[in-house]
1. Would the stretch 197-304 count as rounded, prolate or oblate if I go by the C-alpha gyration tensor, calling it rounded below 1.5 in a/c and otherwise prolate when a/b exceeds b/c, oblate otherwise?
2. Tell me the per residue accessible area of the stretch 3-132 using a 1.4 Å probe; a whole number in Å² is fine.
3. Considering all alpha-carbon pairs of the chain, what whole percent are spaced by more than 38 angstrom?
4. Of Tyr140, Tyr316, Tyr87, Tyr165, which has the most accessible area and how do the rest follow, probe 1.4 Å?
5. Just report the Cα centroid separation between the stretch 184-212 and the stretch 233-248, whole Å.
6. On average, how much accessible surface per residue is there in the stretch 181-230, in Å², for a 1.4 Å probe, leaving out ligands, DNA and RNA?
7. Could you give the spread of the C-alpha atoms of the stretch 175-242 along their three principal axes, from largest to smallest, in whole angstroms?
8. Report, largest value first, the span of the C-alpha coordinates of the stretch 24-136 along each principal axis, in whole Å.
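The values are calculated or read from the model by the stated rules, or taken from the named source; none is laboratory data. Just so you know, these numbers come straight off a predicted model, no measurement behind them. Methodologically, a virtual Cβ is constructed for each residue, glycine included, from the backbone with ideal geometry; neighbour enumeration extends over all protein chains shown. Side chains are part of the model used for accessible areas, which takes the heavy atoms of the whole protein and leaves out ligands, DNA and RNA. Shrake-Rupley method; radii C 1.70, N 1.55, O 1.52, S 1.80 Å.
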Amino acid sequence: MTFADWLPVIFIGLMGLAVLIYAMLDGYDLGVGILLPMSEDDEPQRDTMIASIGPFWDANETWLVLAVGLLLIAFPSAHSVVLTNLYIPAALMLIGLILRGVSFDFRAKAAVAHKLAWDRTFKLGSLLTALTQGYMLGQYVMGFDSGWQAQLFSCLSALGVTAAYSYIGANWLVMKTEHQLQNRAVHWAKRAGRATFLGVVAVSLVNPLVNPGVFSRWFTFPLVMFVLLIPVVCFAAFVFNDRLLARLPKEGDRYSQVPFFITVLIFLLCFTGLAFSFFPDIVPDRLTIWEAASAPESLTFILVGAVIVVPLILAYTIYAYIVFNGKATELEYH
């Protein structure tokens, strides 16, 4: 392969990296929003939960902007197909993100009597964002089919992604909080983990059945001996995490970070399985990355900017998590 042939591979790798990091990072803060308890007596716990994501949540969305930007610039024809078919859910997702941003700031500035209403808005925005992202994933897997079977699968995918975000969000709270809230987070994580497991199993069963190419790719000998390690390791991670959560919290806060990083591993394995199922198609059964890619001259020019921007975003992200390491403290607005 020439350098021009490798350029679409490089850009689909960068776009995949951005989507994966977004799903993990914005996934946990969406999950925290979904899990917000709405009782008036729970206001201190809601403050602590929001404080745990306060330094990160807005920057986490940078990865979504990067992924969509790369899709538009590097694969414009695929961008047209995807956004044409997903215009309405994408618009609803943006509404959810706007609701989150507005309510996050207004909960601190509104009258005390209105604070609960803005917390509910934050929860609604988080739930709407997660559901629409899951629906869009389901539509992508089904090749943007409009039939009732595809719609049913997309709704199942919406629930599965929402459960997955709740799972990683609950494990984030297990790592970042203490005492009663940490105990509640452990309970949420166990329930969300089991729901996520069922969702992963359902998608794993349906995907090969509705996509013959995916079935042949996963079950062709001798490749099957290696790729089936992905679901095996994923299953083991779910079971181990469930058993560990049943024993948390421990004295001295031991192992409180482990469930979150195991969930990150589960996200990585699921994403790897999805990428393996469809590569090199960027639109299933319609466009490959080479058919959808911009001209090599354009990709070469864009690559220079990507080589500068992507490491900077990674460095900032890592630095932010180092600076705000440790348990969430009392929420303060400046």
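1. Oblate, since a/c reaches 1.5 and b/c is not below a/b.
2. Averaged over the residues of the stretch 3-132, the accessible area is 41 Å².
3. Percentage above 38 Å: 16.
4. Tyr87, Tyr316, Tyr140, Tyr165
5. Using only Cα atoms to place each centre, the spacing works out to 14 Å.
6. 58
7. Per principal axis, max minus min of the Cα coordinates gives 51, 22, 16 Å.
8. Answer, in whole Å and largest first: 51, 25, 22 Å.
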